[in-house]
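Trainee: Starting off with a structure, shown below.
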Amino acid sequence: MAVHSVAVVNSDLLQQRILGDAIERLGFKLVLNAPTARLSPELVENTRADVWLVTVQDDDELCADSFDQLLSGDVPVLVGMDAAPDNKCTTFLRWEKKLLTKLRDLTDTPAPAAEVSQVPWERKSHPPIELPEELAGLNRQVPIAIFVLGASLGGPEAVKEFLDALPAGLPVAFVYAQHIDERFEQALCQAVGRHSAYQLNNAENAATLSCGDVLIAPVATRFDLVGLDRISVLDQPWDGPYGPSIDGVIDVVYNHAQRRFGCILFSGMGSDGSEGISAMPEGTQIWAQSPAGCGNASMPESAINTGRVTYIGDSYQLAGRLTEHLKEIWKEDYERKPDHQCG
């Protein structure tokens, strides 16, 4: 069986050592273990790896072009893996199991024999989700639902899996609020949208949010939705310590979309989003990624603890639920009203 190779970029020397030891103990080949400052277009080009593990700190000196090149390539990149605990810590085995699961998923093959038992969350082969015949051929511009996708640490991978699972042609639009360094805002479109039937776009003033669009909520400044789903970029910072504020994005989208509003909270650290969903009316579609499969479970767990979450599932299950939900909306609210069908 071929041994898959892993490249690590992490500025913390202790983390480099722990990651390197764990990767090799799990049966993978470590081909690079370098600080963030060494990441260059030449290094990306010359490193033959099956998967990259990249951790970026706020004060890292990072070449944005190199990171863009990495994210836009064909090799999978895991950004935001939890920091490794000391290997004598009681939580180390759980962290190492999670690392093994991520590496197996990203290389799309069972790992070589590894010193880890009872590995959770085995990768499943899912059948493609079919577009319901009720929604086929609608050719709509105006979405019948606008869903906020909120995420932080571990979010890009989960959101990508969700979008990749969706069938093309659903009459829905998304606003994706991802806690991320502003330097990577442009690259997020390529990293998450590479294989999706849905179009990821950075915010542009006066652009229209249409069916099939995924708007990346701007990191540094607030935005609004006005009129017929038009985007208005504001010269105002987000409230709170993170950008974008998921609570703030929820408020903006709900105030505009009202009955069309929905929200899904994915992997992330902290409780951003919980305050926003707590203010929603009963019956609002508020879903969360199952904590068991999250890179970091605190964000969906905080949401679930509010008592407002109405559905919990993994990325594939969430995609299937959304497909069924849109079919239900269409049958109940639009199918009997022909004047809506050309919207």
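The values are calculated or read from the model by the stated rules, or taken from the named source; none is laboratory data. Since the model is a prediction, treat every value here as computed from it, not as a measurement. No Cβ is skipped: glycine too gets one built from the backbone with ideal geometry, and neighbour counts run over all protein chains shown. Surface areas here come from the heavy atoms of the whole protein model, side chains and all, with no ligands, DNA or RNA. Shrake-Rupley method; radii C 1.70, N 1.55, O 1.52, S 1.80 Å.
Trainee: With a sphere of radius 11 Å drawn around the Cβ of Gly193, what net charge do the other residues whose Cβ falls strictly inside it have (Lys, Arg +1; Asp, Glu -1)?
Mentor: Neighbour charge sum, excluding Gly193 itself: 0.
Trainee: Compute the accessible area per residue over the chain, keeping the other protein chains in place, probe 1.4 Å, unit Å².
Mentor: Averaged over the residues of the chain, the accessible area is 46 Å².
Trainee: Long-range amide H contacts for Lys29: which residues qualify at under 5 Å (H placed 1.01 Å from N, peptide plane, sequence gap of 5 or more or a different chain)?
Mentor: Close amide H contacts, sequence-distant or interchain: His4, Ser5, Val6.
Trainee: Suppose R0 equals 56 Å; then what is the FRET efficiency for Asp224 and Ala83 from their Cβ-Cβ distance, rounded to the nearest 0.05?
Mentor: My answer for the efficiency is 0.95.
Trainee: Charges at C-beta only: +1 for Lys and Arg, -1 for Asp and Glu. How large is the resulting dipole of the chain about its Cα centre, in Debye rounded to 20?
Mentor: Once rounded to the nearest 20, the dipole reads 780 debye.
Trainee: Round to the nearest 10 and report in Å² the accessible area of Arg183, as given by a 1.4 Å probe over the protein chains' heavy atoms.
Mentor: Here the accessible area works out near 90 Å².
Trainee: If you count, for each residue, the other Cβ atoms within 10 Å and average over each peptide, how do 152-160, 14-22 line up from highest to lowest?
Mentor: 152-160, 14-22
Trainee: Also: Hey, can you grab everything whose amide H is under 5 Å from the amide H of Ile216? Only 5+ residues off in sequence or another chain; H modelled, so Pro and N-termini drop out.
Mentor: Hits under the 5 Å cutoff: Tyr176, Asn201, Asn202, Ala203.
Trainee: Okay, helix-only estimate at 222 nm for the chain: each DSSP H run of n ≥ 4 adds -39500 (n - 2.57), divide by all residues, round to 500 deg cm²/dmol; what do you get?
Mentor: Helix contribution divided over all residues of the chain: -9000 deg cm²/dmol.
Trainee: Mind checking which of Glu275, Glu161, Glu24 has the largest fluctuation in a GNM of the chain, springs on alpha carbons under 10 Å?
Mentor: Glu24
Trainee: Can you pull a Stokes-Einstein diffusion coefficient for the chain at 10 °C (1.306 mPa s), Rh from Kirkwood over Cα pairs, as a whole number of µm²/s?
Mentor: After rounding, the answer is 76 µm²/s.
Trainee: Report the Cα centroid-to-centroid distance between the stretch 121-178 and the stretch 227-303 in angstrom, as an integer.
Mentor: Value for the Cα centre distance between the two parts: 16 Å.
Trainee: Same structure, new question: Less than 10 Å Cβ to Cβ from Gly240, Lys/Arg counted +1 and Asp/Glu -1: what total charge do the surrounding residues give?
Mentor: Result for the local shell: -4.
Trainee: Would you work out the charge dipole size for the stretch 200-343 about its Cα centre, treating the Cβ of every Lys and Arg as +1 and the Cβ of every Asp and Glu as -1, and quote it to the nearest 20 debye?
Mentor: About 300 debye.
Trainee: After finding the eigenvalues of the alpha carbon gyration tensor for the stretch 11-54, what semi-axes result from the square roots of 5 times each, listed largest first in whole Å?
Mentor: Working through the eigenvalues yields semi-axes of 18, 14, 6 Å.
Trainee: Stretched out fully, how many nm does the piece from Arg48 to Glu324 gain, at 0.36 nm a residue minus the Cα gap?
Mentor: 95.2 nm
Trainee: Need one number: nm distance between label points at Arg194 and Leu93, each 7 Å from Cα along Cα→Cβ, rounded to one decimal.
Mentor: Each label point is offset 7 Å from its Cα along the Cβ direction, giving 3.4 nm.
Trainee: Would you kindly give the portion of the calculated P(r) for the stretch 231-301 that falls above 18 Å, as a percent of all Cα pairs?
Mentor: Here the tail beyond 18 Å accounts for 41 percent of pairs.
Trainee: Here's another thing I want to ask about it. Can you give the charge dipole size of the stretch 136-212 about its Cα centre, rounded to the nearest 20 debye, using +1 on the beta carbon of Lys and Arg and -1 on the beta carbon of Asp and Glu?
Mentor: Charge dipole of the stretch 136-212: 240 debye, to the nearest 20.
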